[in-house]
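Some notes on the structure that comes next.
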C-alpha cells in the first residue's frame with residue numbers, strides 16, 4: 001500500500017473514532033430530577049422534564065424519591081377531578097402513573113393520574129405542607145431526541 005493510501009486509511013480510522021466518541025457523548029446517561037413532567041413514553045421509559053424544561057427519556061426503574069422506588073411513590077391528600085375536569089370533594093393518597101406541574105402566580109399544584117386508572121387528581125403543596133413538592137430523580141436518563 002502506498003504512503004497516500006496508508007495516510008487515508010489512518011485518517012479514516014481516526015475520523016470514525018472521533019465520530020463514534022462524539023455520538024456516544026451525545027447519548028450519555030445522566031441523572032435528572034423530573035420537576036415539570038413525568039409520563040410514560042414507551043416500554044419502561046418515561047418522559048422527564050427537568051426544572052430547565054429540558055426533556056429526557058428515563059428508565060423508570062432508575063427513578064426514586066425520598067428513598068422510595070417510583071412504584072412506591074405517592075402524593076398525599078389529592079383532590080379528584082370529574083370527567084368534566086371539575087374538582088370533587090374526594091381526597092386520596094395516590095400512587096402516580098404520571099404528573100404535570102402547574103405553577104401560577106399565586107398557587108402551584110400538579111395534576112396527577114392515579115396508577116392503573118383514568119382518574120386525575122390535583123395535588124397541592126405549600127411551605128407549611130411541602131410533602132407533594134417532592135419529585136422523582138432518575139439515574140438513567142438520555143436526551144429526548
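State whether the residues of region 25-41 include one that is in contact with a helix residue (DSSP H, G or I) (Cβ under 7 Å, 6 or more places away or on another chain), touching a residue at least 40 places away in the same chain (Cβ under 8 Å) and surrounded by 11 or more Cβ atoms within 10 Å (Cβ to Cβ).
Narrowing region 25-41 to residues in contact with a helix residue (DSSP H, G or I) (Cβ under 7 Å, 6 or more places away or on another chain): none.
There is no residue in region 25-41 that is in contact with a helix residue (DSSP H, G or I) (Cβ under 7 Å, 6 or more places away or on another chain), touching a residue at least 40 places away in the same chain (Cβ under 8 Å) and surrounded by 11 or more Cβ atoms within 10 Å (Cβ to Cβ).
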Note to self: Just to verify a result, which residue in region 120-130, among those that are surrounded by 15 or more Cβ atoms within 10 Å (Cβ to Cβ) and either modelled with pLDDT under 95 or touching a helix residue (DSSP H, G or I) at 6+ places or on another chain (Cβ under 9 Å) (or both), is farthest from residue 39 (Cα to Cα)?
What the structure shows: 125
Margin query: I need the full set of residues from region 50-74 which are free of Cβ contacts under 8 Å to residues at least 40 places away in the same chain, under 19 Å from residue 101 (Cα atoms) and part of a strand (DSSP E or B), in order please.
Written below: 74
Next item on the list: Examine region 81-99 for a residue that is within 21 Å of residue 145 (Cβ to Cβ) and within 12 Å of the chain's Cα centre (by Cα), and state whether such a residue exists.
Entry: yes
Check: Looking at residue 62, is it surrounded by 13 or more Cβ atoms within 10 Å (Cβ to Cβ), touching a helix residue (DSSP H, G or I) at 6+ places or on another chain (Cβ under 6 Å) and modelled with pLDDT of 95 or more?
Finding: no
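Among the listed residues 47, 101, 117, 88, identify the single one that is touching a strand residue (DSSP E or B) at 6+ places or on another chain (Cβ under 9 Å), in a strand (DSSP E or B), surrounded by fewer than 16 Cβ atoms within 10 Å (Cβ to Cβ) and at pLDDT 95 or above. Spell out the reasoning first.
Working: 47 fails: surrounded by fewer than 16 Cβ atoms within 10 Å (Cβ to Cβ); 101 fails: surrounded by fewer than 16 Cβ atoms within 10 Å (Cβ to Cβ); 117 fails: in a strand (DSSP E or B).
Testing whether each residue is touching a strand residue (DSSP E or B) at 6+ places or on another chain (Cβ under 9 Å), in a strand (DSSP E or B), surrounded by fewer than 16 Cβ atoms within 10 Å (Cβ to Cβ) and at pLDDT 95 or above leaves just 88.
The values are calculated or read from the model by the stated rules, or taken from the named source; none is laboratory data. These figures come from a predicted structure and were not determined experimentally. Because the Cβ atoms are built from the backbone with ideal geometry, glycine has one as well, and the counts that use them run over all protein chains shown.
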